[in-house]
Each structure stands twice: as structure tokens, then as C-alpha cells.
Amino acid sequence: MNEDGELWGIGAFARRAGLTPSALRFYDDCGVLRPDRVDAATGYRRYGSGQVERAVRLRHLRAAGLPLVDVETVLDGPEAAARDVLRAHLERTQRAAEEARAVVEGFLREASAEPADHGGTARARVDGAELASAVRQVGPAAAVGALAAEHPALGCVLLELVDGEMRLVATDRYRLAVRALRPEAHEGGPRRLLLAADTARRMAQWAVRRRLVEVGFPAVADGADTARVRLRSGTESWGTGDVGVGEPREFPNYRLMLTGLAAVRHRVIVDRAALRDAVADRGGAAVSLAVGAEADGTAEGVLEVSGGEAGPDGLRAIRTGPGLRIAFDPAVLVPALEAGVGPDVLLEIAAPDQPVVVRSADQGSFTMVVMPVRDR
């Protein structure tokens with residue numbers, strides 16, 4: 001309780017702890033940080049001042065990159081086990097820091113040997129498994145079939161090196177997927193190039209088994225219609241050669257699409273695999289998702305999935321906003337759910353006829369936007 005003997009609501013407690021309300025809900029679901037009380041009627045979470053220290057420690061441990069299972073050991077396990085976990089994590093981070101330092105020093109030596117050529121090859125060094133995961137996540141949003149034949153750029157994955165990030169983007173106009181990777185080191189840029197979706201998948205298959213991969217973005221002459229990308233890991237390399245996929249400027253302006261989204265009125269957090277299975281089991285028929293209205297704030301309730309010949313499924317969910325009913329084409333929604341990571345999925349909804357943001361509840365670097373359909 002605070003100095004006045006009152007409990008804090010989730011928003012007030014989040015500000016004191018330096019966390020977001022969505023993170024607090026996630027940690028509650030995981031059992032790492034339970035609220036002091038939960039109102040049986042409204043589902044409101046209330047936190048006491050004695051929980052601030054634990055919340056701050058949790059935030060610091062997560063910021064240091066500690067996996068959630070290890071965080072639990074540090075916070076609640078025996079002292080000896082906590083020390084072992086922290087020492088093991090410290091060794092991992094020291095090794096990663098040494099690798100990053102070697103990479104940066106190598107780039108600095110190259111830069112001191114000759115003037116940097118910002119019109120030449122730009123480079124970014126990323127985790128190979130992370131790069132492969134990013135391709136897996138955004139790939140389903142690329143166009144196929146007649147749409148890709150008519151608009152080749154929509155059948156591609158956009159690779160972008162900008163603002164210290166490497167972004168992978170794909171869209172078929174019904175879906176938009178964006179994944180941002182933070183390179184361990186980078187130089188040059190900005191760069192943009194398009195890779196055919198199957199070429200991006202082959203790139204991912206090569207990268208997934210490599211610890212660190214350097215992605216090279218050679219400069220493309222003005223007016224050229226080819227793009228190349230080359231990957232290196234130690235003494236191994238992989239490259240596309242020249243790929244005639246058109247100019248990146250033919251790719252839709254995804255930033256404009258994201259900034260044009262309407263304000264979110266509904267948020268629903270639900271088990272990702274359970275929702276995917278419930279939608280996929282409808283035999284391809286359009287599915288409707290419905291939640292009732294709570295009295296105020298945030299509440300735990302049921303997300304009802306209906307459609308096709310099967311009966312409705314009720315999934316436990318956490319949601320904010322008024323009652324809602326919205327429909328999707330399973331062929332669009334299921335790949336978006338499969339592309340997520342972690343046990344939870346967060347649906348951010350403005351209205352039943354507006355694009356919906358689908359993302360993992362604790363993975364802000366991946367965004368998938370899907371279009372709903374008319375609920376019949």
C-alpha cells in the first residue's frame with residue numbers, strides 16, 4: 001500500500017516502476033509479478049508500494065537481457081542458484097561484448113586505412129538466427145500468384161538499413177509485416193533493396209546456423225534494376241548475385257501506412273497458439289472474434305471465436321475497451337498468428353472495419369497489420 005493506505009491501479013504503479021501496463025499484465029500472466037489484489041467483480045489489478053522494488057529489479061534484469069525463467073530464479077530462488085544464474089549470464093554477455101568489440105575495432109582499422117566510402121557497400125552485423133526469424137515472420141505477408149506477377153515488388157521482402165536498424169518488410173496490401181533488428185555493428189547506409197520472397201527464404205536457411213552474420217548492401221548505380229546482397233560469417237559466404245526485382249521505390253510506403261492507422265480503442269491479449277488453432281479449425285470460413293464490454297479499465301474475460309460449422313470456442317483473454325465483434329479471413333489471420341513469438345498475442349483494434357495490429361505481447365520489434373473482413 002502507498003503512504004495513504006491505498007493500493008495503486010496498474011497505470012499508476014507502472015509509472016512508478018518504469019514499466020508499461022502491458023508488461024505488468026504479461027508478468028502477471030507469467031506469475032513473475034502478481035498484483036497485490038485483483039477485484040473479483042471488475043478484474044482490476046491493484047499493486048502496493050512494497051512491490052515497487054521487485055518490479056524495478058525485474059525491469060533491470062530484463063533490460064540486462066536475462067531470460068524470464070532466469071529472472072524467476074534470481075527473484076525467488078535459493079541464493080546460490082541466483083548467483084549461478086547471474087554468473088552464467090555475465091559470462092555470456094562478456095563473450096558477446098568481446099565479439100562486438102572485435103568487430104568494431106576491425107571496422108575502425110578499415111576506416112583508418114582509407115577514407116570511408118559512403119557510396120560503397122554498407123554493412124550490418126546481426127545474429128544469424130534473428131535474421132532467419134525475421135524472414136520467417138515477415139515472409140507470409142509477401143504477395144504470391146497473380147498479384148505478385150502483376151506487381152513484382154509485392155512478392156518481395158524489403159531489406160532496409162536505416163537509423164541504426166536493419167528492417168525487413170513485406171506486404172500484399174491485405175497484410176503488412178515489419179521486423180526491426182538492432183545490429184551489433186553497422187557502417188554506411190542508408191540502403192534499401194528488394195529480395196524475392198523465395199530468395200529471402202534461402203538467405204534465412206543459410207543464416208540460421210550462423211552465430212553472427214555480416215549483411216553487405218552494395219551500392220546500386222542510378223537507373224539499375226538489379227540488387228545484390230552478400231552475407232558473410234567467418235570464412236563462409238552466401239550471395240544472391242544480381243536479382244532483377246525492380247527498384248525499391250516501387251515498394252509501398254510502409255511508414256505512411258503505419259502512421260495512418262487510426263487510434264486504438266480495443267486491446268486483446270490471448271494465448272497465441274490457442275487462437276491460431278481455433279481460427280484454423282473453421283474449415284476456411286470467415287471467423288468472428290467477439291468480446292463483451294467491461295465496466296471500466298482492464299478486465300479478464302472470454303474471447304469468443306465463431307464461424308463455419310463448428311461451435312464457438314471461448315478463449316481466456318485480457319482486454320480493454322468496449323465490447324467488440326470483428327471478422328477475419330483465416331488465410332490472412334492464421335499466418336499472422338504463426339509469425340508471432342512467445343505464448344501470447346496482442347490485438348490492437350481501432351474499429352471492426354479498420355486495419356488491426358497483431359503482435360507478440362512482449363515483442364515490440366515485430367509488427368503485423370491485417371485487414372478484417374465484413375462480418376456476415
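The values are calculated or read from the model by the stated rules, or taken from the named source; none is laboratory data. Quantities reported herein were computed from a predicted structural model and do not represent experimental measurements. Cβ atoms come from the backbone with ideal geometry, glycine included; neighbour counts cover every protein chain shown. Areas reflect the complete protein model, heavy atoms only, side chains present, ligands, DNA and RNA absent. Shrake-Rupley method; radii C 1.70, N 1.55, O 1.52, S 1.80 Å.
Look at residue 47 and say whether it is under 27 Å from residue 93 (Cβ atoms), modelled with pLDDT of 85 or more, among the aromatic types (Phe, Trp, Tyr) and open to solvent by less than 40 Å² (accessible area, probe 1.4 Å).
On the way: under 27 Å from residue 93 (Cβ atoms): no; modelled with pLDDT of 85 or more: yes; among the aromatic types (Phe, Trp, Tyr): yes; open to solvent by less than 40 Å² (accessible area, probe 1.4 Å): yes.
For residue 47, the condition - under 27 Å from residue 93 (Cβ atoms), modelled with pLDDT of 85 or more, among the aromatic types (Phe, Trp, Tyr) and open to solvent by less than 40 Å² (accessible area, probe 1.4 Å) - is not met.
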Worksheet item: Can residue 41 be described as among the small types (Gly, Ala, Ser), more than 22 Å from residue 342 (Cα to Cα), assigned to a helix (DSSP H, G or I) and more than 26 Å from the chain's Cα centre (by Cα)?
Response: no
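Can you say whether residue 345 is under 19 Å from residue 306 (Cα atoms) and part of a strand (DSSP E or B), as far as the supplied structure shows?
Details: under 19 Å from residue 306 (Cα atoms): yes; part of a strand (DSSP E or B): yes.
Taking the combined requirement at face value, the residue satisfies it.
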Worksheet entry | Filter result (more than 18 Å from residue 28 (Cα to Cα), within 27 Å of the chain's Cα centre (by Cα) and surrounded by 12 or more Cβ atoms within 10 Å (Cβ to Cβ)) within the range 60-87 | 64, 85, 86
Response to the item:
Filtering strands (runs of 3 or more DSSP E) wholly in the range 127-191 for at least 1 residues that are without any contact (Cβ under 8 Å) to a residue 24 or more places away in the chain and under 25 Å from residue 337 (Cβ atoms) gives 165-171
Response to the item:
Filtering the range 21-51 down to residues that are more than 14 Å from residue 75 (Cβ to Cβ) and hydrophobic (A, V, I, L, M, F, W, C) yields 23, 24, 26, 38, 40, 41
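Filter the range 296-336 down to the residues that are closer than 16 Å to residue 373 by Cβ and outside any strand (DSSP E or B) and list them by number. Spell out how you get there, then give the answer.
In the first step, residues of the range 296-336 are kept if they are closer than 16 Å to residue 373 by Cβ; the result is 305-308, 324-336.
Of everything in the range 296-336, those that are closer than 16 Å to residue 373 by Cβ and outside any strand (DSSP E or B) turn out to be 307, 308, 329, 330, 331, 332, 333, 334, 335, 336.
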Response to the item:
In the range 228-264, anything open to solvent by less than 40 Å² (accessible area, probe 1.4 Å) and modelled with pLDDT of 85 or more is listed as 231, 233, 251, 252, 254
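Going by what's in this entry, would residue 40 be described as open to solvent by less than 70 Å² (accessible area, probe 1.4 Å) and out of contact with any Lys or Arg (no Cβ under 8 Å at 6 or more places or on another chain)?
On the way: open to solvent by less than 70 Å² (accessible area, probe 1.4 Å): no; out of contact with any Lys or Arg (no Cβ under 8 Å at 6 or more places or on another chain): yes.
Judged against the criteria, residue 40 is not a match.
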Discussion item. Taking the criterion of being surrounded by 15 or more Cβ atoms within 10 Å (Cβ to Cβ) and at pLDDT 90 or above, would at least one residue in the range 110-123 satisfy it?
Written reply: no
Discussion item. Return the residues of the range 199-227 that are modelled with pLDDT under 90, of a type outside the set (S, T, N, Q) and farther than 26 Å from residue 99 by Cβ; say none if nothing qualifies.
Written reply: 219, 220, 221, 222, 223, 224, 225, 227
Discussion item. Can you tell me which of (1) modelled with pLDDT of 90 or more; (2) surrounded by fewer than 19 Cβ atoms within 10 Å (Cβ to Cβ); (3) closer than 19 Å to residue 302 by Cβ is the one residue 29 doesn't meet?
Written reply: (1)
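Anything in the range 143-178 that is under 30 Å from residue 96 (Cα atoms) and open to solvent by less than 10 Å² (accessible area, probe 1.4 Å)? List them, or say none.
Narrowing the range 143-178 to residues under 30 Å from residue 96 (Cα atoms): 157-169, 177-178.
If the condition is that a residue be under 30 Å from residue 96 (Cα atoms) and open to solvent by less than 10 Å² (accessible area, probe 1.4 Å), then 157, 158, 159, 160, 161, 166, 168, 169, 177 are the ones that fit.
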